[in-house]
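Colleague: Sharing a structure with you now.
The values are calculated or read from the model by the stated rules, or taken from the named source; none is laboratory data. As the structure is a prediction and not an experimental result, all values here were calculated from the model. Reconstructed Cβ throughout: ideal geometry from the backbone, glycine too, with neighbour counts over all protein chains shown. Calculation scope for accessible area: heavy atoms of the full protein, side chains included, ligands and nucleic acids excluded. Shrake-Rupley method; radii C 1.70, N 1.55, O 1.52, S 1.80 Å.
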Amino acid sequence: MKKTNAMRLLDRAKIKYNAISYNVDESDLGAVHVAESLGQNIKQVFKTLVIEGDKSGYVVACIPGAEEVDLKKLSVLSGNKRCTMLHMKDLLSVTGYIRGGCSPVGMKKPFPIYFDKTAIEYDTIFISAGVRGVQIEINPQVIVDFIGAQMGDLVYNAVKF
């Protein structure tokens, strides 16, 4: 397996991880498909979303794959009044990554990163390795510490009747 920039950065920092490849379905790049392909719990497969804050500029949210980011919660946590999702067409120029291969490790520039608090409920979580078809399995506290992320409640909690 060819090393990605994210893997090289983790190697340089002597951080343990497992790189796991899976078959990419170009028609379904979502985290649910990734979790199914890996045979893993979707709650442990974290997707990386890039969001623009009205005060802070770009911020990154890492949330469980089947969840939806709550932009109001992220706004409060990141010190913004309002946050909006980055347009997909701008993802590569802002982060250096493409959709389906966006990693919180090794973006073109450092951005504030926020992980959903549920990450620490697991011994390991999965994040993108920076390319489609490869995930990094890693201890959540280790990755949060390495990238200097903050933890918080980031997902939309629908009222259930």
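Colleague: Determine the alpha carbon to alpha carbon distance for each of LYS3/LYS108; LYS89/LYS109; LYS73/LYS117; LYS14/LYS43 and list only those over 22 Å.
Modeller: Values: LYS3/LYS108 17 Å; LYS89/LYS109 18 Å; LYS73/LYS117 12 Å; LYS14/LYS43 26 Å.
Over 22 Å apart, Cα to Cα: LYS14/LYS43.
Colleague: If you take the square roots of the eigenvalues of the alpha-carbon gyration tensor of the chain and sort them as a ≥ b ≥ c, do you get rounded (a/c under 1.5), prolate (a/b over b/c) or oblate? Kindly include the intermediate steps, with their values, before the conclusion.
Modeller: On the way: a/c = 1.39, a/b = 1.25, b/c = 1.11.
Here the chain falls in the rounded category.
Colleague: List the GluC sites (Glu not before Pro) in the stretch 27-85 that DSSP assigns to loop (not H, G, I, E or B) and whose Cβ has at most 13 other Cβ atoms within 10 Å. Which are they?
Modeller: GLU68
Colleague: For the ranges 13-21, 58-66, what's the packing order if you count other beta-carbon atoms within 10 Å of each residue, average per peptide, and put the highest first?
Modeller: Values: 13-21: 13.6, 58-66: 22.2.
Sorting 13-21, 58-66 by mean packing, highest first, produces 58-66, 13-21.
Colleague: Before I look further, what does the stretch 1-103 give for accessible area per residue, probe 1.4 Å, in whole square angstrom?
Modeller: Values: 5800 Å² over 103 residues.
I get 56 Å² per residue for the stretch 1-103.
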